[in-house]
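Engineer: I have a structure here, written as structure tokens, and I will follow up with some questions on it.
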Amino acid sequence: MECEIGLRRRTYHVLCGLVLNVWARVEDVLASAPHSAATKMQVVRLKTSDGIKLVGTLIPNNLVERLCMVMEEESTESFEQTFSDDESRDSKDSKE
């Protein structure tokens with residue numbers, strides 16, 4: 001895990017979408033964290049660089065891999081999308 005202290009950009013992992021069916025498993029993963037700060041669910045609102053508004057649960061960096069494993073064990077289909085500031089800069093540059 002990389003140190004992000006003092007950086008102007010940080011990586012956040014947000015679980016959003018239809019999560020009610022897996023809510024108990026998300027709680028279990030967060031509760032299994034060794035640090036007490038990671039056990040509290042934090043709901044966040046965000047707007048991506050291309051204007052998409054999202055609401056979701058913030059997942060601590062040290063629990064992302066564990067949560068992905070738990071979710072994959074019971075899933076039949078998965079989808080992951082990464083949003084980046086670089087994509088919006090590229091689209092602006094191509095318009096000019």
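We did not get these values from a lab; they are worked out from the coordinates using the rules stated. Since we're looking at a predicted model, the values are computed, not measured.
Engineer: Suppose the chain between Met71 and Trp23 were pulled fully straight at 0.36 nm per residue; how much longer would it get relative to their current alpha carbon spacing?
Structural biologist: 16.2 nm
Engineer: Then there is this: Scan around Gln42 for amide H atoms under 5 Å from its own, H built in the peptide plane at 1.01 Å from N, and keep only partners 5 or more places away or cross-chain.
Structural biologist: Leu58
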